[in-house]
1. If you check every pair at least six apart or on different chains, which have Cβ atoms under 6 Å apart with a residue in the range 109-128 that is at pLDDT below 90 first and a residue that is among the aliphatic types (A, V, I, L, M) second?
2. Any residue at all in the range 75-85 that is outside any helix (DSSP H, G or I), of a type in the set (A, V, I, L, M, F, W, C) and at pLDDT 95 or above?
3. Quick check on my filter: what residues within the range 245-266 are touching a Phe, Trp or Tyr at 6+ places or on another chain (Cβ under 7 Å) and under 23 Å from Arg45 (Cα atoms)?
4. Please determine, by comparing only the residues of the range 30-65 that are among the small types (Gly, Ala, Ser) and more than 25 Å from Asp92 (Cβ to Cβ), which one is surrounded by the most Cβ atoms within 10 Å (Cβ to Cβ).
5. Of the numbered conditions (1) part of a loop (DSSP other than H, G, I, E, B); (2) surrounded by fewer than 18 Cβ atoms within 10 Å (Cβ to Cβ), Gly230 fails exactly one; give the number of that condition.
6. Consider His98 against the criteria (1) farther than 14 Å from Gln199 by Cβ; (2) buried (at least 18 other Cβ atoms within 10 Å of the Cβ); (3) not hydrophobic (A, V, I, L, M, F, W, C): it satisfies all of them except one. Which criterion is unmet?
7. Taking the range 153-172 as the search range and keeping residues that are acidic (Asp, Glu) and surrounded by 13 or more Cβ atoms within 10 Å (Cβ to Cβ), which one is farthest from Ser88 (Cα to Cα)?
8. Give the range 201-210 a look and list any residue that's on the phi < 0 side of the Ramachandran plot and in contact with a Ser or Thr (Cβ under 9 Å, 6 or more places away or on another chain), or say none.
Amino acid sequence: MRRIWRHLPASLRLLPPGKAYGRQLHRFVRLHADRKQYFATFFLRNRPEMELMRRLVDQRPPGSRLDMTILACSKGAEVYSMMWVIRSARPDLQLNMHAVDISQEIADFAANGVYLLDSPDEVTRAEEEAAKRRGEVSWNTFRDQGAAWMFERMSKDEIDGMFEVEGNRASVRPWLKQGITWLCADAGDSKLREAIGLQDIVMANRFLCHMKPPEALSCLRNIGRLVKPGGYLFVSGLDLDVRTTVALEMGWKPVTDLIREIHEGDDSIRSAWPMDYWGLEPFDDRRPDFQIRYASVYQVGEAPCNDEEFASYESSRR
């Protein structure tokens, strides 16, 4: 199946028969994939996603408190990117952010907020192995990145705005580190809600795809319980069937503002379809369920879907 896809002309892949074949191939890939967690990430990873965040926080009253959690915060790129967006737009807000990761080592690295500016192709394999043994900044900066550069989606002005740069080291500016509580915890742990309390916004991006569907379903249900009624859940980069099932089951309301732009906003995930299990299928607004299927952000607190809505969704999947 993979061989056939590789030899399909790009023009044919965009036609309905090509997309249908891609869906079958991706279903096969997801079924047989050896899934594992990765620490690869980028600063300012999905710009439409950040723009929607700015619009949502801009609705809050002056001087109000904003409780926010970022799950699977990894090396901290998403944490500091969102802090930069929110504090730049609304410096008056009392921002209380929890940054959570299952790895204590990676959470400690992210909290330190110091990264190497060198691109991965400038570091030799021998240097990388030596840095790994010593636990240096370079090891965690390049960890799981492959040939990708954490800063590749930023302009020089943005790097200068977010970091204090000295030589080849970039340190997150102090005003972006204020208000963050770093925590080592499992997003699927039912006790997490007791530890952090209910949140206005929860971000659970790009890690549920690395779980088998039954595990991801259970974890996502637990994550949804962290959000205050009327609050927002950002959840992209996962099996769409898993997300749609839980969204309908728990009555989440899809936020349709920038729905397509956010779905297509991270090229490293979109371009991986259908050959990699974490890839995202092309946006298809002809589907009757396209809003709930392709929304990456949901407002939490509505009543669960009724039997008719769920049956309609199940029928659309066949």
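The values are calculated or read from the model by the stated rules, or taken from the named source; none is laboratory data. Keep in mind that this is a model prediction, so the values were computed, not measured. As a convention, Cβ positions derive from the backbone with ideal geometry for all residues, glycine included, and neighbour counts pool all protein chains shown.
1. If the second residue must be among the aliphatic types (A, V, I, L, M), the pairs left are Leu116/Val137; Leu117/Ala170; Pro120/Ala147.
2. no
3. Listed by number, the residues that qualify are Pro254, Val255, Ile259, Arg260, His263, Glu264.
4. Ala40
5. Only one criterion is unmet by Gly230, namely (1).
6. So His98 meets the others, but not (1).
7. Within the range 153-172, the first condition is being acidic (Asp, Glu), and the residues that meet it are 157-158, 160, 164, 166.
Remaining after also requiring surrounded by 13 or more Cβ atoms within 10 Å (Cβ to Cβ): 158, 160, 164.
Working: Glu158: 12, Asp160: 14, Glu164: 17 Å.
The residue in question is Glu164.
8. If the condition is that a residue be on the phi < 0 side of the Ramachandran plot and in contact with a Ser or Thr (Cβ under 9 Å, 6 or more places away or on another chain), then Ile201, Val202, Met203, Ala204, Asn205, Phe207 are the ones that fit.
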